[in-house]
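K.L.:
The structure is given below, and queries will be raised subsequently.
The values are calculated or read from the model by the stated rules, or taken from the named source; none is laboratory data. The structure displayed is predicted, hence computed values, not measured ones. Positions of Cβ are backbone-derived with ideal geometry, glycine not excepted, and every protein chain shown enters the neighbour counts.
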Amino acid sequence: MRILGRFGILFSLTLLVLAIFSFALAYLFPGDVLTNLTGIIPQNDAHRELLIQKHRLDEAYFFQFVHYLSEMLQGNWGYSFVSGLSLKEEIGLALPATIELAFYAMFIAIVIGLPVGCYAGLKSYTAADYSINSVSMVGYSFPVFWLALLFILLFSLELNIAPLSGRISLLFDVPDKTGFILIDILLADNIDTSLALRDAFHHLLLPTLALSVISTASMIRMTRRSVIDVLNRPYITAARSRGLSRWQTFSRHILRNALLPVLPLLAIQITSLITNAMIVETLFSWPGIGSWLIQAIYQRDYPALRVGMLAVATVVIMLTITIDLFNRLIDPSRDKYERATV
Amino acid sequence: MPMLDIKNLTLEIETAGTRVKALDKVNLTINSGEIRALVGESGSGKSLIVSAISGALPQKFHLTADRMSWKGKSLLSMPTEERRQLMRRDIAVVFQNPGSALDPSATLGEQLEESIPDELVEGKWFWQRRQSRRKSAISTVHKVGIKHHRHYLSAYPHQIPTDISQKFMLAMALISQPKLLIADDPTRGMETTTKTQVLKLLTRLNQTKSLSILFISHDLLAISSMCHSMTVLYCGQTVESGRMKMLRKRPLHPYTKALLDSAPSFQNDLPPKSLLPTLDGTIPSLKHVPIGCRLGPRCPRAQRDCVITPAVRRIHDHTYSCHFPLHMEKL
């Protein structure tokens, strides 16, 4: 319980710092502070006075910030310059799309990367290990945008296996409920579910593949390294000398000890995964937070940038802290009262 | 026929292109029901012998032996599965560093219970078997002198003191009811009372269950009180081996004599405040081993012939390898 408290405090403090930063952005961006903060361009002086009154911009910075914080917490995130829509709604549509993409890529990385990495580690310094390692090295060093473009060229334009862009064919009218396309399809009642699912999978194929190549490669390399480390430990020798079979040694002693150090590395990977997801979705016109933010940059949509940054940072911090917390809970050799870290 | 019979065991380690003989023609036999001591300075290769017997050597170590057999079956040519079964049932090893030889992510109880071979578990259904495992774990833990089994069986290795984890290693070795126990410094760092308990337990098991023990230690007092025979190792060479009594009364090798002399408790006529007799110098590192008899540069009796490795000579069951042994005038 105490550890939950520690992580909770860490989480909220980090968020507070981020909120301060995003509030400061309204002043740092060029242009009118009022429009940067609210996204509304005042029609006349009276309207302007009203907005200043409403957002307490005539008070001290501290009270401005407190008001800003309470507005954020209540869900009044301001409006987009460009579309004039509520930012909360826009991000509510875009962020789940990115998370969905990153989640599938992570899923593939774990499902493929862990077993392959374990296998390479167990067979370390043999031909199998060397070939797995070099393939993963090559996969790891691809720039993601180049890989995505290559996939588009090869699979969409040449072979015509997968569609070029988007999440689902426009024929299907899927109402947004959760923001996650597969769940939304299952929840929708007026469409052919199996057809829609197949179409969504076709759309998912290329972006997920492009993303997961890199995550899988790094997963393989981390797992392999960790397994080799564990194999050299005296307790593995001791376990073998007790006559445990190969499988028993692996499942009882190697696997758990090898995965414990991989988990924090996974938390670090999440940041680069989200970044890569943003790049990939721009290329595939995936309606996620990445392409949304890039549009915002092009159109100098300052309120959108401010809130988008905050939203992405929150997601990343939340995932990182959750993984660290999880690791802390399952690793018996770590002190439960150790300080929490991001 | 001896239980474990090792003749001319040579272990070469490859370092930067050259091969160094970490063990040079080591001979070791353990008879059934015998407690044999293996003595030598740190770095003389005692633990390497343990790893060689338990088959836990890294790939880059090259092991050759004229004979290395367990009850007549060669350990070197044995299929992996048979060797594994042998290690599970007949030979048990207590490794030197108990802290690192225990899996940090599993409780001690789990690790103890997985060491029980299936044949020793009673019951047909898994809950009966689990209960039986639990019972024998608790009784073994009591046997090695750990009282609070409830606390320690559910503890993780980093939560327990070193002497308890040493006892746990012993319990893990004994729980499979082995025929041979290889104990690599099992009493290191224990205080005297606990040490006596452990040694008593080992002696009792040797007497009641005819457990053979290869006892590796620096503690000459403990060795001379419980062991039947002793093998002395110096820098990877066996210098002398024989019955404990004979070795103590009449050591033939200068190194054995120096070793025994350096233990004050063996000398009754030691004048007060006198220096203990020791050999000059230290054990050579593996990079600079002398040719011939490796004791050569430090030996008080060394002569020109000592640059040739002495052959193993034998008087009854007392073997030694020295060109100029002690006490030979009297024969």
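K.L.:
Going through region B:96-107 one residue at a time, which ones are surrounded by 24 or more Cβ atoms within 10 Å (Cβ to Cβ) and modelled with pLDDT under 85?
P.N.:
Residue satisfying the conditions is B:PRO98 alone.
K.L.:
Okay, moving on. Going by the conditions given, is A:ALA217 more than 14 Å from chain B (Cβ to nearest Cβ), in contact with a Phe, Trp or Tyr (Cβ under 8 Å, 6 or more places away or on another chain) and modelled with pLDDT under 90?
P.N.:
no
K.L.:
Given the criterion in contact (Cβ under 8 Å) with a residue 12 or more places away in the chain and touching a Gly at 6+ places or on another chain (Cβ under 7 Å), identify the matching residue among B:SER212, B:SER132, B:SER217, B:SER136. So that I can check it myself, show each step before the final result.
P.N.:
On the way: B:SER132 fails: in contact (Cβ under 8 Å) with a residue 12 or more places away in the chain; B:SER217 fails: touching a Gly at 6+ places or on another chain (Cβ under 7 Å); B:SER136 fails: touching a Gly at 6+ places or on another chain (Cβ under 7 Å).
The match here is B:SER212.
K.L.:
Sticking with this one: Suppose we filter B:ALA92, B:ALA101, B:ALA137, B:ALA106 for residues that are small (Gly, Ala, Ser) and in contact with a strand residue (DSSP E or B) (Cβ under 8 Å, 6 or more places away or on another chain); which single one remains?
P.N.:
Checking each option against the conditions leaves just B:ALA92.
K.L.:
Considering (1) surrounded by 15 or more Cβ atoms within 10 Å (Cβ to Cβ); (2) under 13 Å from A:ALA210 (Cβ atoms), say which one A:LEU154 fails and leave the rest.
P.N.:
(1)
K.L.:
Another one. Out of (1) of a type outside the set (Lys, Arg); (2) buried (at least 20 other Cβ atoms within 10 Å of the Cβ); (3) within 14 Å of chain B (Cβ to nearest Cβ); (4) in contact with a Ser or Thr (Cβ under 7 Å, 6 or more places away or on another chain), what's the single condition that is false for A:LEU260?
P.N.:
It is condition (2) that A:LEU260 fails.
Conditions tested, residue by residue: (1) polar (S, T, N, Q); (2) surrounded by fewer than 24 Cβ atoms within 10 Å (Cβ to Cβ); (3) touching a residue at least 40 places away in the same chain (Cβ under 8 Å); (4) not assigned by TED's automatic domain parsing to the domain that holds A:ILE168.
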| residue | (1), (2), (3), (4) |
| --- | --- |
| A:SER215 | yes, no, yes, no |
| A:ARG221 | no, yes, yes, no |
| A:ARG224 | no, no, yes, no |
| A:SER245 | yes, yes, no, no |
| A:ARG252 | no, yes, no, no |
| A:ALA267 | no, yes, yes, no |
| A:GLU281 | no, no, yes, no |
| A:PHE284 | no, no, yes, no |
| A:PRO287 | no, yes, yes, no |
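K.L.:
What's the number of the condition A:ILE294 fails, among (1) of a type in the set (A, V, I, L, M, F, W, C); (2) crowded, with 19+ Cβ neighbours inside 10 Å; (3) out of contact with any Phe, Trp or Tyr (no Cβ under 8 Å at 6 or more places or on another chain)?
P.N.:
A:ILE294 satisfies all of (1) of a type in the set (A, V, I, L, M, F, W, C); (2) crowded, with 19+ Cβ neighbours inside 10 Å; (3) out of contact with any Phe, Trp or Tyr (no Cβ under 8 Å at 6 or more places or on another chain) except (2).
K.L.:
If you check B:SER165, B:SER154, B:SER217, which single one turns out to be closer than 18 Å to B:SER100 by Cβ, modelled with pLDDT of 85 or more and hydroxyl-bearing (Ser, Thr, Tyr)?
P.N.:
Numbers: B:SER154 fails: closer than 18 Å to B:SER100 by Cβ; B:SER217 fails: closer than 18 Å to B:SER100 by Cβ.
Exactly one residue qualifies, and that residue is B:SER165.
K.L.:
If you check B:PRO186 against the conditions, is it in contact (Cβ under 8 Å) with a residue 40 or more places away in the chain and within 17 Å of the chain's Cα centre (by Cα)?
P.N.:
For B:PRO186, the condition - in contact (Cβ under 8 Å) with a residue 40 or more places away in the chain and within 17 Å of the chain's Cα centre (by Cα) - is met.
K.L.:
Turning to a different aspect of this structure: Among (1) in contact (Cβ under 8 Å) with a residue 40 or more places away in the chain; (2) over 25 Å from the mean Cα position of the chain (by Cα), which single condition is B:ARG250 missing?
P.N.:
Tallying (1) in contact (Cβ under 8 Å) with a residue 40 or more places away in the chain; (2) over 25 Å from the mean Cα position of the chain (by Cα), B:ARG250 fails exactly one: (2).
K.L.:
Let me ask something else about it. Kindly provide the set of residues from region B:259-294 that are of a type outside the set (S, T, N, Q) and in contact (Cβ under 8 Å) with a residue 40 or more places away in the chain, ordered by number. Full working, then the answer.
P.N.:
Here is the first cut: in region B:259-294, the residues of a type outside the set (S, T, N, Q) are B:259-261, B:263-264, B:266, B:269-273, B:275-277, B:279-281, B:283-284, B:286-294.
Passing the criteria: B:LEU259, B:LEU260, B:ALA263, B:PHE266, B:ILE283, B:PRO284, B:LEU286, B:LYS287, B:VAL289, B:CYS293, B:ARG294.
K.L.:
What residue, among those in region B:298-331 that are touching an Asp or Glu at 6+ places or on another chain (Cβ under 9 Å) and outside any loop (DSSP other than H, G, I, E, B), is farthest from B:THR238 (Cα to Cα)?
P.N.:
Ranking the qualifying residues of region B:298-331, first place goes to B:ARG298.
K.L.:
What helices (runs of 4 or more DSSP H) completely inside region A:50-155 contain at least 3 residues that are modelled with pLDDT under 90, touching a Gly at 6+ places or on another chain (Cβ under 8 Å) and more than 20 Å from A:THR216 (Cβ to Cβ)?
P.N.:
Values: elements: A:61-74, A:87-122, A:127-140, A:144-151.
In region A:50-155, A:87-122 are the helices (runs of 4 or more DSSP H) which contain 3 or more residues that are modelled with pLDDT under 90, touching a Gly at 6+ places or on another chain (Cβ under 8 Å) and more than 20 Å from A:THR216 (Cβ to Cβ).
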